[in-house]
Every structure is written in structure tokens, then in C-alpha cells.
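Working notes for the structure below.
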Amino acid sequence: MRKQIAAANWKMNLSLAQANQLTDEIVATSHSLNEHQLAIFAVPFPYLLTVKEKLKGKHNVFVAAQNCASTKNGAYTGEVSAEMLDGMDIRYVIIGHSERREYYGETNKILAEKINRAFESNINTIFCCGEPLAVREAAIQNSYVETQIKESLFHLSAAQMTNFIIAYEPIWAIGTGKTASSDQAQEMHAHIRSVIAAQYGSDIANSVSVLYGGSVKGANAKDIFSKQDVDGGLVGGASLVAAEFAIIINSLK
Ligand code: PGA
């Protein structure tokens, strides 16, 4: 079975004291993760090592960065490289979140470079894609997401695409309380898998974990995750409450 993943995206939230408290609560909460299930916590850069230390020894639980630089190293003030993350033994990074695309001008081409840097450092990418409201209203979301995938991922080798992680996050559902219906999620996830199958074959497409993101919470996780092509979620707001995120983890297939 391909990996089922509950990924928390803390974004730019929490003081250090609050981050410590939330992590302690997460540690104290019991999660039942099977061999094919992962919980990943994408925390702000300054908290990576602290949170990682606290979560040490938890089975199938990992810490992730929310971004990395598209360049290797050098005079890029304020950037954090994949090599630095590797040096801290951070094994996951979110790349291409819609907030990065929208507020920091990250294009499909830049994201392809970031993914290359992550691979060079043996860091697993969680690649985000998803359409804005106007695209959904024009009913052209399938070709929009297809372009995002082609331009950022299709340079990867078959080996690199095997077990890759994609998060489909319709922008109109992020932080709005408006969730895509589980049928809408399934429809897009099946489309994403078919786009990958056309390029890499169905075996590789079936190995890719496709997560849903956008107002996932304890109350809707089970329904969304139950769909055939939905392999878990990337969760913002609800991941800041330990008990809520525990329900989401326990809703994984
Ligand atoms: P949300 O955010 O769960 O708060 O909608 C999801 C995300 O942006 O990853």
C-alpha cells in the first residue's frame, strides 16, 4: 500500500513557548500509526531542531521544513538551503505551497529547481499544487493543475517519481473553512494520478501519495481520506490543536 500521510503545516504561527507546548501535547497524545502511515510536522525553520528532538523515537513521525532555497548555497541573504536541512537530518520539505507561489513569486520553474536541490540532499519533497477560485469557476482546474505538475515535476526520473508526495490544495479551500467535497477531491486526485501515469506508467503513478489540503479538520478527515485516490492530508489551522490533529492522524486509511 502506498504511504498514507497526515502532514501538519504550522505556517508562520506560534511563539517558541507555544511551539514547545504544542509539541509536548503531540508527544503526550497517542497516535496509532501503522507501517504505511506517517505523521509529518512542517514547522518554522527556527523550531526544526527543537521539535525534532522532542519527537525523537516516535515511530513514523517526522519533522519537515516549509520551504528551501532553489540555489545550492552562497550569497542569498535570508535563504535556507536543502544542504542545511540535510545537515540537521530534516528529511522532508514542503515545496510550492500556494502562499509561496502567491506572495513570493515562486514559479513552476523555480519550484522545479527547489525539488532538484531537495533530491541532491536526499530530502523528500511534498509538492503542492492547486487552482485559485477563478480557475475552478471557469472549470479549467484540471489543465491548470496538469501544467503545474508538468512544469515542476516532469524532468524527474522514474526512480525519483516513485513514492513521490504531492499535495492537492485548492486555493479557495485554504484557511477559508470551505472544504472541497470528498468527491471533488477524489476527482482531482484521480486526474493527478492519470497525468503521472501518462508520463511514468501506472505502477509509478500508483506509488505516489496524493494528499488533500484545504480546511481539513477532525470532523471531515475520515470522509475525505476514505476516497480511493486520497492518501491523507496537508493540514494548516487544525494542525495547531494537538487533539484535533490526533483525530486527523487516526483518520488515515
Ligand atoms: P488549512 O491550510 O488547513 O488551514 O486550510 C492548509 C494548507 O495551507 O496547507
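Read the figures in this text as sums done on the coordinates, not as results from a lab. Quantities reported herein were computed from a predicted structural model and do not represent experimental measurements. Ideal geometry is used to build each Cβ from the backbone, glycine not excepted, and the neighbour counts take in all protein chains shown.
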Query - 222 nm mean residue ellipticity, helices alone, for the chain (DSSP H n ≥ 4; -39,500 (n - 2.57); rounded to 500) - result: -12500 deg cm²/dmol
Report summary line: Non-local residues with an amide H under 5 Å from the amide H of Ala69, with H modelled 1.01 Å from N and Pro and chain starts lacking one, are Val80, Ser81, Ala82
Query raised in the report: Cross-link partners among aspartates and glutamates for Lys56, C-alpha distance below 20 Å, same-chain residues fewer than 8 apart left out?
Result: Asp24, Glu25, Glu35, Asp86, Asp89
Query raised in the report: Which one of Ala69, Ala112, Ala139 has the biggest mean-square fluctuation once the chain is modelled by GNM with Cα springs under 10 Å?
Result: Ala139
Query raised in the report: How large is ³J(HN,Hα), in whole Hz, for each residue of the stretch 124-129 in order, when computed from phi with the Karplus curve 6.51 cos²θ - 1.76 cosθ + 1.60 and θ = phi - 60°, using x for Gly and Pro?
Result: 6, 8, 10, 8, 9, 9
Report task. Report relative contact order for the stretch 105-253 in percent, whole number only (criteria: Cα-Cα under 8 Å, sequence separation at least 6). Result -> 21
Report summary line: If unit charges are put on Cβ atoms (+1 for Lys and Arg, -1 for Asp and Glu) and the dipole of the stretch 4-249 is taken about its Cα centre, the option from Ile5, Ala190, Asn163 lying farthest towards the positive end turns out to be Ile5
Query - Radius, Kirkwood style, for the chain when every pair of distinct Cα atoms is counted (Å) - result: 18.0
Report task. Sequence neighbours fewer than 8 away in the same chain don't count; with that in mind, list the lysines whose C-alpha is under 17 Å from Lys11. Result -> Lys52, Lys217
Requested in this report: Specify whether the C-alpha gyration tensor of the stretch 81-172 places it in the rounded, prolate or oblate class, a ≥ b ≥ c being the square roots of the eigenvalues: rounded for a/c under 1.5, otherwise prolate if a/b is larger than b/c and oblate if not.
Outcome: prolate
Report summary line: Note, Val195: beta-carbon cut-off 9 Å, +1 each Lys/Arg, -1 each Asp/Glu, net +1
Query raised in the report: Which length gain, in nm to one decimal place, applies between Thr77 and Ser207 when the Cα-Cα distance is subtracted from 0.36 nm times their residue separation?
Result: 43.1 nm
Query raised in the report: Counting alpha carbon pairs within less than 8 Å and at least 6 residues apart, what relative contact order, in whole percent, applies to the chain?
Result: 22
**Report entry** Residue-span extension gain [Thr29 to Thr147] - 0.36 nm each, minus C-alpha spacing
**Finding:** 38.5 nm
Query - Sequence-distant residues sharing a close amide H with Tyr92 (under 5 Å, placed H) - result: Ala65, Asn124
Query - Fully extended contour minus Cα-Cα distance, from Ala158 to Asp223, at 0.36 nm per residue - result: 20.2 nm
Query raised in the report: If amide H atoms are built 1.01 Å from N in the plane of the peptide, which residues on other chains or at least 5 residues away come under 5 Å of the amide H of Gln37?
Result: Gln4
Query raised in the report: In a shell of Cβ-Cβ distance under 14 Å around Leu85, excluding Leu85 itself, what net charge do Lys and Arg (+1) and Asp and Glu (-1) give?
Result: 0
